[in-house]
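Right, one structure below, let's go through it.
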C-alpha cells in the first residue's frame, strides 16, 4: 500500500522484528477458560434444543487484529471493539447453522506508530456443534465474507489501496450460562484467518491478508 510504504520509509524507529502473531489469541483463550470455570457452577440445567429452534445473540467484544503475509513484521496488533448480532438455527440438539451481521474492526498497528484502521461489515456462515452433557459448549467453523466500510491511517483515506472484500476462515468456541429457559449469557472466543489478498494497488505484488480474533459477551434469546 503506497501510503503505508511511505510511512515505513519515513519512520526509522520501526523495528524489523518478527512478531508472534498468536500471543493475544492465547491470552484470550486463557481468559475464556478462567471465566468459564468461574461461572460453570451457576447453572447445571440442560441447554438442549430441538429441530427448528432459533436463538438470537446480540454481543459486544474486545477484538485484536493484525496482518499476515508480506511485511507482516512491520506491524503489531490493532485492538478495538467489535459488535453484532448472530443467530443459530437448530437441526437437532447437536448441530445448528450460525450466521449474522457484525461490525469488525480489523487492520493492524505500525510498530510504535498509528493504527491502520480497516473496518468491515462481516456475515459469518458457520456450522455450530453443541457438545457436553448439557449442550452448553459449542465449537463453530466456516467462512466469513467481510465488506470494507472504511480504511484510514491517521484520518487519511486509503480505501483505494485496499480491496473492498475480504474472505476468511472463521472458527470459535463458546459457553452458555443459563439464566432462564428463554435467556442465557454467552462467553465466546472467535477467530477469523483471512485467505484473500487485501492489497489493491495496481501493479503491486504485495500479498497481505487480515487476521482477527475477539473475546465476546452476548445475550442468548431463545425464540
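Coordinate-derived values only; no laboratory data. For clarity, every value in this text was computed on a predicted model and none was experimentally measured. Here Cβ is always computed from backbone atoms with ideal geometry, including for glycine, and neighbour counts include all displayed protein chains.
Each peptide in 63-70, 152-159 gets a packing score, the mean of other Cβ atoms within 10 Å over its residues, and the list from highest to lowest is 63-70, 152-159. Between the C-alpha center of region 135-179 and that of region 58-110 there is a gap of 3 Å. The packing ranking of peptides 78-85, 48-55, highest mean first, is 78-85, 48-55, where packing means the average number of other beta carbon atoms within 10 angstrom of each residue. The shape of region 48-107 comes out prolate: with a ≥ b ≥ c from the C-alpha gyration tensor, a/c is at least 1.5 and a/b beats b/c. Simple spin-label estimate for residue 51 and residue 183 gives 3.2 nm between the two label positions (7 Å along the Cα-to-Cβ direction from each Cα). Label zone of residue 97 (point 7 Å out along Cα→Cβ, amide N under 13 Å): in region 186-217 this covers no residue at all.
Residue separation of residue 156 and residue 221 scaled by 0.36 nm, minus their Cα-Cα distance, works out to 19.4 nm of gained length.
Placing a pseudo-label 7 Å from each Cα along the Cα-to-Cβ vector at residue 62 and residue 127 gives an inter-label distance of 3.3 nm. The percentage of C-alpha pairs in region 168-223 whose separation is greater than 16 Å is 59%.
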